[in-house]
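Provided herewith is a single structure, encoded as structure tokens, for subsequent inquiry.
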Ligand SMILES: [Cu+2]
């Protein structure tokens, strides 16, 4: 039986759920509501819209068969997580910029207005286009002066996942958040399952504690790591029902860092890079994929195990926030004498970190910082922040929103061993 994409959408109501999520995110960002409907495009192709956790999709108008988009590059106040607000730069009130979502073969006209305090340009990373539309200021075009609007015109000739970013003062503009994703759906869709399609952009920031302006001069001391410019627990979960095909499009336009992104409970295959589709014969199963700077990796797998599965960068500093860096190493140190002395002038003082960093959560945080955020989970503290989110797989979902914590079947949660169990299995303590 052949099931068309439109049938799937009608059967599942997934598009409607995505629209709600997108609209809510758009309002939160002060951006216009996103267009999240599956709609026929050139050639009658329909597609399952990509869900952008914590983000939006760029609306368009069709004029004479051409999809017309408008990006405005501008300063954007942004909240990385509750407690940390930054002065970022982005597009259309959003950082990262809204997703540009089109279909293979679409002709587009993308207007770019520059409301930044300096010139800019837009490079369409990975897209095949005429040289003069490639966006490298000085090489392919004049930089877009402050206050001016430029026009890019080309046709998306190959399907895939690509990105956009400035190619003028790249170090500053990218570090301040001017990045975005592009999804080009294939003209012919062959998916036989319902698809949950997600887009996540990775980024790293240096935000000194108490400050709100990310430091573009940083080269190594990144201390805030994000998915779609949010640090856990502000990252919206990814959701799927058992049997769904999950596609996660990972883009890395961070300034300097590569990210080994790891999934729990499942293995995936990489089906696209920003170069195009990966042939079936060249795929292999993975649980971690390195996404280098300036790259896209698109993973696919079938959601075949219910639960709340961690999905995160495996670099341990990348699931920490600001306090995980530059702190003195006191692990194993006996600081009791020091504590007693400091207590004479600072009553209640206690040196943190002597038995590891887990005890630092819950300490009083400096102003505008997420030094040790973490989050309350169903079993206590989840002591990771930063580039961390949760894939929530359920037998059935009520819409595309957060279904809450997973309820484990009895006997399927690790817990303290009883004396009887230890004795039965000959474990001597
Ligand atoms: Cu990382």
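The values are calculated or read from the model by the stated rules, or taken from the named source; none is laboratory data. This one's a predicted model, so the numbers in the text were calculated from it and none came from an experiment. For neighbour counting, all protein chains shown are included, and Cβ atoms are generated from backbone atoms with ideal geometry for every residue, glycine included.
Does residue 318 count as in a helix (DSSP H, G or I), touching a residue at least 12 places away in the same chain (Cβ under 8 Å) and within 16 Å of the ligand (Cβ to nearest atom)?
Numbers: in a helix (DSSP H, G or I): yes; touching a residue at least 12 places away in the same chain (Cβ under 8 Å): yes; within 16 Å of the ligand (Cβ to nearest atom): yes.
Criteria met by residue 318.
Yes/no per residue for (1) surrounded by fewer than 23 Cβ atoms within 10 Å (Cβ to Cβ); (2) at pLDDT below 95; (3) over 26 Å from residue 193 (Cα atoms); (4) more than 17 Å from the chain's Cα centre (by Cα):
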{"residue": "13", "(1), (2), (3), (4)": "yes, yes, no, yes"}
{"residue": "19", "(1), (2), (3), (4)": "yes, yes, no, yes"}
{"residue": "61", "(1), (2), (3), (4)": "yes, no, yes, yes"}
{"residue": "94", "(1), (2), (3), (4)": "no, no, yes, no"}
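Within segment 31-49, is even one residue at pLDDT 50 or above and assigned to a strand (DSSP E or B)?
No, because not a single residue in segment 31-49 is at pLDDT 50 or above and assigned to a strand (DSSP E or B).
If I ask for residues that are in contact with a helix residue (DSSP H, G or I) (Cβ under 7 Å, 6 or more places away or on another chain) and at pLDDT 95 or above, which ones from segment 254-268 would you list?
Within segment 254-268, the first condition is being in contact with a helix residue (DSSP H, G or I) (Cβ under 7 Å, 6 or more places away or on another chain), and the residues that meet it are 255, 259.
Of everything in segment 254-268, just one residue is in contact with a helix residue (DSSP H, G or I) (Cβ under 7 Å, 6 or more places away or on another chain) and at pLDDT 95 or above, namely 259.
Return yes when residue 240 is more than 16 Å from the ligand (Cβ to nearest atom), buried (at least 22 other Cβ atoms within 10 Å of the Cβ), under 12 Å from the mean Cα position of the chain (by Cα) and in contact (Cβ under 8 Å) with a residue 12 or more places away in the chain and no when it is not. Talk me through it step by step, then tell me what you get.
Values: more than 16 Å from the ligand (Cβ to nearest atom): yes; buried (at least 22 other Cβ atoms within 10 Å of the Cβ): yes; under 12 Å from the mean Cα position of the chain (by Cα): no; in contact (Cβ under 8 Å) with a residue 12 or more places away in the chain: yes.
No: the conditions fail for residue 240.
Also, I was wondering about something else. When you scan segment 187-198, do you find a residue that is touching a residue at least 24 places away in the same chain (Cβ under 8 Å), within 16 Å of the ligand (Cβ to nearest atom) and closer than 24 Å to residue 101 by Cα, even just one?
no
Another question, then. Which of the following residues is surrounded by fewer than 24 Cβ atoms within 10 Å (Cβ to Cβ) and modelled with pLDDT under 95: 77, 82, 145?
Values: 77 fails: modelled with pLDDT under 95; 145 fails: modelled with pLDDT under 95.
Matching residue, one of 77, 82, 145: 82.
Select, from 302, 278, 271, 298, the only residue that is modelled with pLDDT of 95 or more, surrounded by 14 or more Cβ atoms within 10 Å (Cβ to Cβ), away from the ligand (no atom under 16 Å from the Cβ) and over 28 Å from residue 165 (Cβ atoms).
Numbers: 278 fails: over 28 Å from residue 165 (Cβ atoms); 271 fails: over 28 Å from residue 165 (Cβ atoms); 298 fails: over 28 Å from residue 165 (Cβ atoms).
Among 302, 278, 271, 298, only 302 is modelled with pLDDT of 95 or more, surrounded by 14 or more Cβ atoms within 10 Å (Cβ to Cβ), away from the ligand (no atom under 16 Å from the Cβ) and over 28 Å from residue 165 (Cβ atoms).
Of the residues that sit in segment 249-267 and are surrounded by 22 or more Cβ atoms within 10 Å (Cβ to Cβ) and outside any loop (DSSP other than H, G, I, E, B), which one is farthest from the ligand (Cβ to nearest atom)?
Checked segment 249-267; the qualifying residue farthest from the ligand (Cβ to nearest atom) is 249.
Now for a separate question. Within segment 209-233, can you find the residues that are more than 14 Å from the chain's Cα centre (by Cα), more than 16 Å from the ligand (Cβ to nearest atom) and touching a residue at least 60 places away in the same chain (Cβ under 8 Å)?
If the condition is that a residue be more than 14 Å from the chain's Cα centre (by Cα), more than 16 Å from the ligand (Cβ to nearest atom) and touching a residue at least 60 places away in the same chain (Cβ under 8 Å), then 209, 210, 211, 212, 213, 214 are the ones that fit.
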